[in-house]
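*Asks:* Quick one: the structure is below, questions incoming.
Read-outs throughout are calculated quantities, based only on the coordinates presented, and are distinct from any laboratory measurement. These numbers were taken from a predicted model, which means no experiment stands behind them. Neighbour counts run over all protein chains shown; Cβ positions are idealised from the backbone, glycine included.
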Amino acid sequence: MSATLDTDLADHRPLGRSDAKTLVLAALGGALEFYDFVIFVYFAKTIGHLFFPAGASDFIAQLQGFGLFAVAYLARPLGGIVMAHFGDRVGRKRMFTLSVFLMAVPTLLIGLLPTYESIGLLAPILLTLFRVVQGLAIGGEIPGAWVFVAEHVPPNRVGLACASLTSGLTAGILIGSLVAAGLSARLAPEDMLSYGWRIAFVLGGIFGFFAVYVRRWLSETPVFARMRERKELSAELPAWVVLRDHRAGTILSMLVTWVLTAAIVVDILMTPTLMQTAFKVEQARAFSGGSLAALALCFGCFFGGLLVDKVGRGLAMLVGSIGLAVSTYALYFDLRAGGANLMLLYPLAGLFAGVAGIIPAVLVAAFPPAIRFSGISLSYNIAYAICGAATPLLVGFLAKSAGGLGPAHYVGAVALVGIGCGVYLLTTRRRFFLD
């Protein structure tokens, strides 16, 4: 199995109407679910004030909020491994639908949750529990989504398919940014603290249940259907096969995932809040810049996928990682100088954060179909749990150092890892499972 190429996908048919429908519906559902996961970070400071004892400074409240945001990353591996196991055994579609339902419920409950002032210590305990459930859900959602769309299209369009899905996920960030910006622009600070933040979470719960409905119209992947018909499903525990037979693919997948976390978590999710605390940028302007960056990210992911299909994974990874480092430094140098070019440089950084659209094509090709869901889920979620959980706290502290350039130094260092992965992909003789 580990030496067998995915010959069932080795055709070069054009994308048809059925493929387009699958990509659109999968991306739409992913956008709505990812909104539910990331809306938390836009209100990290507010949540830090409301769900912990009163009297903390903005900086401490921000760290408390980021800490709760990070908790969900720790739960991702468990959710991802369990859902991937059943995704490789009973079908991709079932897990694809379950994950979005598990995201919608806790998002709605967070929006209705009493604060520390009302129920004391129970408030942060329940909030942490809901974040854990969200982490379990997103741990199965993203790897499953990439596998789902990749197995619906020919291999010469996997880059486009995965990037379309990733663009949909990042559209969820854009929706979250727009909701946060709209609420902050229309509500006074005291109203935001009182009830405004709840609107964002209740909307997320509604979005999530709509996404569950949308996914009813999707069909099982042709690759999984053929494997089930031919009795080619893994007879062993898929996660064990991954660890035993696919160490190189696992290590590569974890490294490129680290690049993805730096691009998304730092450049897109954290920077609007860091602008306010480290550079004293007005909240409305920070959220507006974040919305532009999130919009640019959607396009960047899509262009990244097109680049993969045109020039290959290695060169695309190399170009994307270099662009990520340069654009992030340009943004943070400008912020330190006063942020005069914020509305130009932040979208540019968002565009190059589109390296996130290149990475799923690397992950999908690293594992054979029988254990593909488990391989991606294991490597992606463990890497995201480590890097995603540590990054908000580490970067939050780094924002106070090097004249505010600490976050840019972190992204630059991780981009070097991405450059190394690009060079490896260009020079390795190792065969991949969609080549």
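*Asks:* Listed highest first by mean packing, meaning other Cβ atoms within 10 Å per residue, what order do 130-139, 96-105 come in?
*Replies:* Answer by packing, highest mean first, reads 130-139, 96-105.
*Asks:* While we're on this one: Let a ≥ b ≥ c be the square roots of the eigenvalues of the Cα gyration tensor of the stretch 368-435; is it rounded (a/c under 1.5), or, if not, prolate (a/b larger than b/c) or oblate?
*Replies:* oblate
*Asks:* Further, regarding this structure: Once you have a ≥ b ≥ c as the square roots of the Cα gyration tensor eigenvalues for the stretch 331-398, tell me rounded if a/c is under 1.5, and otherwise prolate or oblate according to whether a/b is larger than b/c.
*Replies:* oblate
*Asks:* Take each of the peptides 412-422, 180-190, average the number of other beta-carbon atoms within 10 Å over its residues, and list them starting from the highest.
*Replies:* Highest mean packing first, the order is 412-422, 180-190.
*Asks:* Roughly what angle does helix 92-112 make with the longest principal axis of the chain, taking Cα atoms, 0 to 90 degrees, to the nearest 10?
*Replies:* 10
*Asks:* Another question, if that's okay. Rank by packing, highest mean first: peptides 388-394, 165-171, with packing defined as the count of other Cβ atoms within 10 Å averaged across residues.
*Replies:* 165-171, 388-394
*Asks:* Right, next: Taking only Cα atoms, what is the 0 to 90° angle, nearest 10, from helix 406-427's long axis to the longest principal axis of the chain?
*Replies:* In the chain, helix 406-427 runs at an angle near 10 degrees to the longest axis.
*Asks:* Still on this model: Given (1) 185; (2) 120; (3) 149, which label gives volume of the Cα convex hull per residue in Å³ as computed from the coordinates?
*Replies:* (2)
*Asks:* Measure nothing but the geometry: give the 0 to 90° angle between the long axis through the Cα atoms of 197-214 and the longest principal axis through the Cα atoms of the chain, rounded to 10°.
*Replies:* Compared with the principal axis, the helix lies near 20 degrees.
*Asks:* Scan around residue 281 for amide H atoms under 5 Å from its own, H built in the peptide plane at 1.01 Å from N, and keep only partners 5 or more places away or cross-chain.
*Replies:* Amide H neighbours of residue 281, under 5 Å, 5+ apart: 276.
*Asks:* Could you list the square roots of 5 times each eigenvalue of the Cα gyration tensor of the stretch 59-148, that is, the equivalent ellipsoid semi-axes, sorted largest first and rounded to whole Å?
*Replies:* Values for the stretch 59-148, descending: 29, 13, 9 Å.
*Asks:* Considering Cα pairs under 8 angstrom that are at least six residues apart, work out the relative contact order of the chain and quote it in whole percent.
*Replies:* Relative contact order here is 26 percent.
*Asks:* Can you show me the helix-derived [θ] at 222 nm for the chain, built from DSSP H runs with n ≥ 4 at -39,500 (n - 2.57) apiece and divided by the number of residues, rounded to the nearest 500.
*Replies:* My calculation for the chain gives -25500 deg cm²/dmol from helical runs alone.
*Asks:* Among rounded, prolate and oblate, which fits the stretch 203-274 when a ≥ b ≥ c are the square roots of the eigenvalues of its C-alpha gyration tensor, a/c under 1.5 means rounded, and a/b larger than b/c means prolate?
*Replies:* Here the stretch 203-274 falls in the oblate category.
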